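The values are calculated or read from the model by the stated rules, or taken from the named source; none is laboratory data. Given the structure is predicted, the values throughout are model-derived calculations rather than measurements. Note: ideal-geometry Cβ built from the backbone for every residue, glycine included; neighbour counts use all protein chains shown. We work out accessible area using only protein heavy atoms, side chains counted, and drop any ligands, DNA or RNA first. Shrake-Rupley method; radii C 1.70, N 1.55, O 1.52, S 1.80 Å.
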Amino acid sequence: MYRLRVKEVARSLGYNQAQLSRKAGLDYKTVQKLFRDPYHNVEFHVLVRIAEGLDIPLSDLYEKEPD
């Protein structure tokens, strides 16, 4: 299973939910869901927009959890 690290990465770079929403060009509620639930089912293009907005590799936004 994979866990999203959007909240941790954004905060480490100094972004809150509203700032990340604007930077990535996403709806605030989408970002809010990702901050609240690291197991939320998200479409690939959403992660791409977040990674591009934060100027980080896409692989930084998720991690594989041990089975």
For the chain, what size does the Cα cloud have along each of its three principal axes, sorted from largest down, in whole Å?
35, 21, 20
Any chymotrypsin sites (Phe, Trp or Tyr not before Pro) in the chain that lie in a DSSP loop and have at most 14 other Cβ atoms within 10 Å would be Y39
What figure, in Å² to the nearest 10, do you get for the accessible area of D27 with a 1.4 Å probe and non-protein molecules left out?
90
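Please list, by residue number, every one of the trypsin sites (Lys or Arg not before Pro) in the chain that is coil in DSSP and has at most 16 other beta-carbon atoms within 10 Å. Don't jump to the answer; show the numbers that get you there.
On the way: sites: R3, R5, K7, R11, R22, K23, K29, K33, R36, R49, K64; in loops: R5.
Sites meeting the loop and neighbour criteria: R5.
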